[in-house]
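Comments concern the structure below.
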């Protein structure tokens, strides 16, 4: 396992308005949000209509008030937990006395959100540079099964560089819930306090700080700045252990 040991003193990295403080700690993992951090994707302008179209294409009767059914909560959940969109769609159909197989619904939902993917500038370099820190993971809020993996496969990112991918639909929890960050930390074999998470949303991705980790906001600094900071960290300490 690769990891970086910092110096005994407090080191402050300040690149533009980007700050991260490491105090007597071992940074052993870097995780990334996916959507609007590493990639941008196309999204349906009207999700209810997109799902309805794919359901109809698979022979499923769509209720006349489908938009109302789609926008209504049908499954009670704990705060912060994730409901698979396919389960929600199934419940919405059932509320209108329409039945369809689980596989047919799942495939319709997946097709409705099938993305065109663009890799953000310098995202590939950011992932490659993160490898010098230690294990690399992706933690994404996504209620559509397999959408994250499909998106990664269509991006320019080398999936072999990513040690673990955790999605809210798989682990059952959405960022910023601590369980989401604990899940990616466990998958990478590290403690949450030793995770640096890079994302675009302070309200969700910033939740890493609630479990003791560090947050880098790509809306306040570029990947170039983040890469420079990581490179400087490695060069300054000289303690990168392979």
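The values are calculated or read from the model by the stated rules, or taken from the named source; none is laboratory data. Predicted, not measured: the structure shown is a model, and the values here were computed from it. Reconstructed Cβ throughout: ideal geometry from the backbone, glycine too, with neighbour counts over all protein chains shown.
Key figures
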read-out	value
All positions within the range 153-171 that are farther than 20 Å from residue 133 by Cβ and under 13 Å from the mean Cα position of the chain (by Cα)	167, 168, 169, 170, 171
Test: residue 176 is assigned by TED's automatic domain parsing to the domain that holds residue 33, over 14 Å from the mean Cα position of the chain (by Cα) and touching a residue at least 12 places away in the same chain (Cβ under 8 Å)	no
Qualifying positions in the range 206-225 - under 15 Å from residue 36 (Cβ atoms), in contact with a helix residue (DSSP H, G or I) (Cβ under 8 Å, 6 or more places away or on another chain) and part of a helix (DSSP H, G or I)	223
Hits in the range 88-106 (condition: in a helix (DSSP H, G or I) and over 12 Å from residue 59 (Cα atoms))	88, 89, 90, 91, 92, 93, 94, 102, 103, 106
Which numbered condition residue 211 misses (of (1) on the phi < 0 side of the Ramachandran plot; (2) touching a residue at least 40 places away in the same chain (Cβ under 8 Å); (3) buried (at least 18 other Cβ atoms within 10 Å of the Cβ))	(2)
